[in-house]
Amino acid sequence: MAGREQHGMVQKRGVGHWFTHLGLIIGVLIIFFPIWLAFVASTVTQPEIVHPPMPLWPGDQFFNNYRDALVSGVNAPVAKMLLNSFVMAMGIALGKILISLLSAFAIVYFRFPGRKVFFWLIFLTLMLPVEVRIVPTYEVVAGFGMLNSYSGLIFPLIASATATFLFRQFFMTVPDELAEAARVDGARPMRFFWDILLPMSRTNIAALFVILFIYGWNQYLWPLLITTDPSMNTIVMGIKQMFPSGDDIADWPVIMATSILAMLPPIIVVISMQKLFIRGLVDSEK
Amino acid sequence: MATVKLSNLKKSFGKTDVIHGVDIDISDGEFIVIVGPSGCGKSTLLRMVAGLETVTSGEVQINGAGVNEMEPMDRNIAMVFQNYALYPHMKVFDNMAYGLKIAKTPKAEIAERVQSAAKLLQLEEYLMRKPRELSGGQRQRVAMGRAIVRKPDVFLFDEPLSNLDAKLRVQMRLEIKQLQRSLGVTSLYVTHDQVEAMTLADRMIVMNGGIADQIGAPLEVYANPQTEFVAGFIGSPATNFLPAALVSGAPAGTTVGVRPEHATLTTPDHGLVEGQVSYSEALGSETLVHLRLSSDAAFTVRQNGMEPAPEEGHACGVLWNSSDQMHFGADGRRIATP
């Protein structure tokens, strides 16, 4: 190998190098500051927050505040809201991936009447965000009695034109001979799908999973509409529900603890899948 | 072990006819090479035998049974693709074992068959590698290994060597021939390379625009081309074609064909045709002398590399034995020499 000097693209040395780093570090500190404040606020008592100046270093209420949040919360225990969000985000991410994999498989590998029409119909839905179709969707979900339920949270958001499109593009780069070799080897279509197409798409799936998990986790408007029962609240909208109406006093330490908790799962997902995620975006292994 | 029979096999894509009716009886263990320029339908023909392409009309028979409606897996064939088509995420072992796994072959037998195929192809030390960690020639071997382990009735090769460099191609060509001999499996092999066709084939099918122009043993096809196309395609450099009017004694209205290796240079005014040397290509063992005839037609003479090559612009005559002269009618078919 060429030598130890070759890590990444950093070759530049000297003063300019340190200035670059200084600039980056300051940038990171500025971006990180609000999160730090939220963390500090989640470790002190309510009076300490309300009386200026606001503390900048963590207090001693960390365990109390987080226990309060997780166990009792304001309207519903945050543990329950975390669970709701987790179920919803997982349901949306996995469901979207499964459905779009299958529909992309159908569109790319099977010749059936109306194939092009179906593709364009799917593509067309890209132009309709959730917000545009939210009233009719609410009607349908309410009609099925799915308000305040996991299925109501998940199913209306589960179809994904973007993911279908992405998998279609990927499948089209897979050489036809591979499908033919599998046919000669005796693999029926679904076997080919499971044994060959799916493992080949695993980096794409991982990248998509990270994006979709965060998409699902951050859903706000839809859960706000269909979950009236606090025990079905998701954490992102639940934070908003914790804000007092009228003259009540906001329990800021608990709200801040909840915010910090809400951030953790997406961070864990991103960090644990970082390697696959980047590979999925950068190279496609053929 | 199997026989293959194609009867009046035709294929059209929509209104375009691609294959215009091919007939051949292939006996057990025979090595058939389908050769022709690109777009002549040779790959389509092979894919119809494989079952990857539907048959428009006519019939494919393997071991005497019609297989037109059968899926590829039920025909007991194995195919080697041009780009190898190895499963990129599977190790070499799993690539070779995949077909057997689907057929629910017992594990011990799979291992044994893969091992023995790997031994035959010198792939033993690569079994645990992924295809991308192998060289082109090794990938080619894996693709053949995948075909061998299934113990098929028929091997189908779709231009398997065209992605390899020239040297490796010669070596793999030899290996394929030896392998096919030792296994004795009936094989169909598609190529556009006439050298591959000549060296590998027991019999070859020369395809031209969806028609099997000639079917026969390589030397027979070389010595006795049935059409102008075959005479021009088989043999290198290509046969010289001249209008009959230029050659005394040729039947009127025909085209005269003379192979470069059958012609010799002579002094001006002593040849059957006259011309000027436009350039020579000295290849060492042989020299190709390109002439511009007085009628402006081009003509190539192949002579031994030891003989002195004439200079450019040099005027000379060209001679050949009348028995080496071929005649083709206006429809391109060979006319028996009187």
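The values are calculated or read from the model by the stated rules, or taken from the named source; none is laboratory data. Source: prediction; values computed, not measured. Ideal geometry is used to build each Cβ from the backbone, glycine not excepted, and the neighbour counts take in all protein chains shown. We work out accessible area using only protein heavy atoms, side chains counted, and drop any ligands, DNA or RNA first. Shrake-Rupley method; radii C 1.70, N 1.55, O 1.52, S 1.80 Å.
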(request) Looking at (1) more than 14 Å from every other protein chain (Cβ to nearest Cβ); (2) in contact (Cβ under 8 Å) with a residue 24 or more places away in the chain; (3) in contact with a strand residue (DSSP E or B) (Cβ under 6 Å, 6 or more places away or on another chain); (4) assigned to a strand (DSSP E or B), find the lone condition where B:Met79 falls short. (result) (1)
(request) May I ask you to list the residues in segment B:225-242 that are modelled with pLDDT of 90 or more and open to solvent by 60 Å² or more (accessible area, probe 1.4 Å)? (result) B:Gln226, B:Phe241
(request) Just name the residue that is farthest from the chain's Cα centre (by Cα) out of those in segment B:82-93 that are open to solvent by 10 Å² or more (accessible area, probe 1.4 Å) and facing chain A (nearest Cβ under 7 Å). (result) B:His89
(message) Need the failing condition index for B:Lys104 against (1) at pLDDT 90 or above; (2) more than 19 Å from A:Ala181 (Cα to Cα), just the number.
(response) (2)
(message) Exactly one of these conditions fails for B:Gln122: (1) out of contact with any strand residue (DSSP E or B) (no Cβ under 6 Å at 6 or more places or on another chain); (2) at pLDDT below 90; (3) within 14 Å of chain A (Cβ to nearest Cβ). Give me its number.
(response) (3)
(request) Test each condition in (1) touching a Gly at 6+ places or on another chain (Cβ under 9 Å); (2) within 12 Å of chain A (Cβ to nearest Cβ); (3) touching a residue at least 24 places away in the same chain (Cβ under 8 Å) for B:Asp17 and report the one that comes out false. (result) (2)
(message) Suppose we keep only residues that are crowded, with 20+ Cβ neighbours inside 10 Å and more than 8 Å from chain A (Cβ to nearest Cβ) within segment B:57-76. Which one would you say is nearest to B:Arg141 (Cα to Cα)?
(response) B:Arg75
(request) Select from segment A:60-79 the residues that are closer than 28 Å to A:Met232 by Cβ and outside any loop (DSSP other than H, G, I, E, B) and list them in ascending order. (result) A:Phe63, A:Asn64, A:Asn65, A:Tyr66, A:Arg67, A:Asp68, A:Ala69, A:Leu70, A:Val71, A:Val78, A:Ala79
(message) Cβ-Cβ under 6 Å, sequence separation 6+ or interchain: first residue in segment B:157-168 and without any contact (Cβ under 8 Å) to a residue 40 or more places away in the chain, partner surrounded by 14 or more Cβ atoms within 10 Å (Cβ to Cβ) and of a type in the set (A, V, I, L, M). Which pairs?
(response) B:Leu161/B:Met172
(message) Can you say whether A:Trp57 is outside the structural domain of A:Ala262 (by TED's automatic domain parsing), assigned to a helix (DSSP H, G or I) and among the hydrophobic types (A, V, I, L, M, F, W, C), as far as the supplied structure shows?
(response) no
(message) Quick check on my filter: what residues within segment A:103-130 are touching a residue at least 60 places away in the same chain (Cβ under 8 Å) and either assigned to a helix (DSSP H, G or I) or not assigned by TED's automatic domain parsing to the domain that holds A:Gln219 (or both)?
(response) A:Ser103, A:Ala104, A:Phe105, A:Ile107, A:Val108, A:Tyr109
(request) Could you tell me whether segment B:125-147 includes any residue that is farther than 29 Å from B:Ile32 by Cα, touching a residue at least 12 places away in the same chain (Cβ under 8 Å), within 14 Å of chain A (Cβ to nearest Cβ) and open to solvent by 20 Å² or more (accessible area, probe 1.4 Å)? (result) yes
(request) Kindly list the number of the only condition in (1) open to solvent by less than 30 Å² (accessible area, probe 1.4 Å); (2) outside any helix (DSSP H, G or I); (3) more than 14 Å from chain B (Cβ to nearest Cβ); (4) without any contact (Cβ under 8 Å) to a residue 24 or more places away in the chain that fails for A:Pro244. (result) (1)
(request) Tell me, yes or no, whether segment B:39-51 has at least one residue that is in a strand (DSSP E or B), on the phi < 0 side of the Ramachandran plot and within 23 Å of the chain's Cα centre (by Cα). (result) no
(message) For segment A:166-222, give me the residue count where each residue is open to solvent by less than 30 Å² (accessible area, probe 1.4 Å), more than 14 Å from chain B (Cβ to nearest Cβ) and outside any helix (DSSP H, G or I).
(response) 1
